[in-house]
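Asker: Just passing along the structure, written as structure tokens.
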Amino acid sequence: MIEERNSIEEDCKLLIDDLRPDDFNEVVTMTKEHPLKPVVRGFRTAKLCRSIIKDGNFIAMYGVCPTESHTVGSPFLLGTNRFLEIALPFARQCKDRVQEMQDLYPILWNFIDSRNAVHLRWIKWCGFKIINKKKIEGIDFYEFIKI
């Protein structure tokens, strides 16, 4: 059974203990830190942060964090190695989740690692548009937005 609930800080450690390699690499490349620190920071600043559990196992965390602009939020999704077990049912409900984020921030904007194929499919499925490309540590990152 898949359960979705508001995240608690302890979820950050559960997530990092089994973080998907693509997600790990994306966070490390962007922040130059072990993922636990930026994940905890994101959890603490998020206006919406939800955790997904399946059969008692932690699967993923998603949400939206504020930016310097009060109308722009920064959406995120990070998953464990078990994320693909729930990818299809999760995707079916994502448009409602993205709308909930847009109820808080009319503009959703962030960067995504070009190597993270699962998340690239997710943002496209949810109606985000890739608008730019930049290099971070020699890796292509795509700037994406939904207005």
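Asker: Could you check the spin-label model distance between SER114 and ILE145? Points 7 Å from the Cα along Cα→Cβ, value in nm.
Answerer: Rounded to a tenth, the inter-label distance reads 2.0 nm.
Asker: If you place +1 on the Cβ of every Lys and Arg, -1 on the Cβ of every Asp and Glu, and leave all else neutral, what size is the dipole of the range 84-147 about its Cα centre, to the nearest 20 Debye?
Answerer: 260
Asker: Using alpha carbon centroids, what distance separates the range 74-132 and the range 1-57, in Å?
Answerer: Between the Cα centre of the range 74-132 and that of the range 1-57, the gap is 14 Å.
Asker: Can you tell me the FRET efficiency between LYS135 and LYS13 if r is taken as the Cβ-Cβ distance and R0 is 25 Å, rounded to the nearest 0.05?
Answerer: 0.20
Asker: I want to verify a result. In a Gaussian network model of the chain, Cα cutoff 10 Å, which of these has the top mean-square fluctuation: GLU68, GLU33, GLU137?
Answerer: Top of the fluctuation ranking is GLU68.
Asker: A follow-up question, please. Taking the Cα centre of the range 11-59 as origin, work out the dipole magnitude from +1 charges on Lys and Arg Cβ and -1 charges on Asp and Glu Cβ, in debye rounded to 20.
Answerer: For this selection, approximately 320 debye.
Asker: With no solvent and one equal point scatterer placed on each C-alpha of the chain, evaluate the Debye formula and give log10 I(q)/I(0) for q = 0.09, 0.16, 0.18, 0.19 Å⁻¹, two decimals.
Answerer: Taking Cα atoms of the chain as identical point scatterers yields -0.24, -0.84, -1.10, -1.25.
Asker: Just name one of THR71, ASN81, GLY56: the one whose Cα is farthest towards the positive end of the charge dipole of the chain (beta-carbon charges, Lys/Arg +1, Asp/Glu -1).
Answerer: THR71
Asker: Determine how large the accessible area of LEU104 is when every protein chain is in place; take a 1.4 Å probe and give Å² rounded to the nearest 10.
Answerer: 80
Asker: Excluding ILE59 itself, calculate the net charge of residues whose Cβ lies under 10 Å from the Cβ of ILE59, where each Lys or Arg counts +1 and each Asp or Glu counts -1.
Answerer: That sum, taken over residues with Cβ under 10 Å, equals -3.
Asker: Could you work out the equivalent-ellipsoid semi-axes for the range 1-57, taking the square root of 5 times each eigenvalue of the Cα gyration tensor, largest first, in whole Å?
Answerer: Rounded to whole Å, the semi-axes are 20, 14, 9.
Asker: How high is the relative contact order of the range 1-142, given as a whole-number percent (alpha carbon pairs under 8 Å, six or more residues apart)?
Answerer: Once normalised by length, the contact order is 22 percent.
Asker: Treat each spin label as a single point 7 Å out from the Cα along the C-beta direction, and report the ASP55 to ARG82 distance in nm.
Answerer: 0.8
The values are calculated or read from the model by the stated rules, or taken from the named source; none is laboratory data. All values derive from a computational prediction rather than experimental measurement. When we count neighbours, we look across all protein chains shown, and the Cβ atoms used for this are built from the backbone with ideal geometry, even at glycine. The area values use the complete protein model at the heavy-atom level, side chains included, leaving out ligands, DNA and RNA. Shrake-Rupley method; radii C 1.70, N 1.55, O 1.52, S 1.80 Å.
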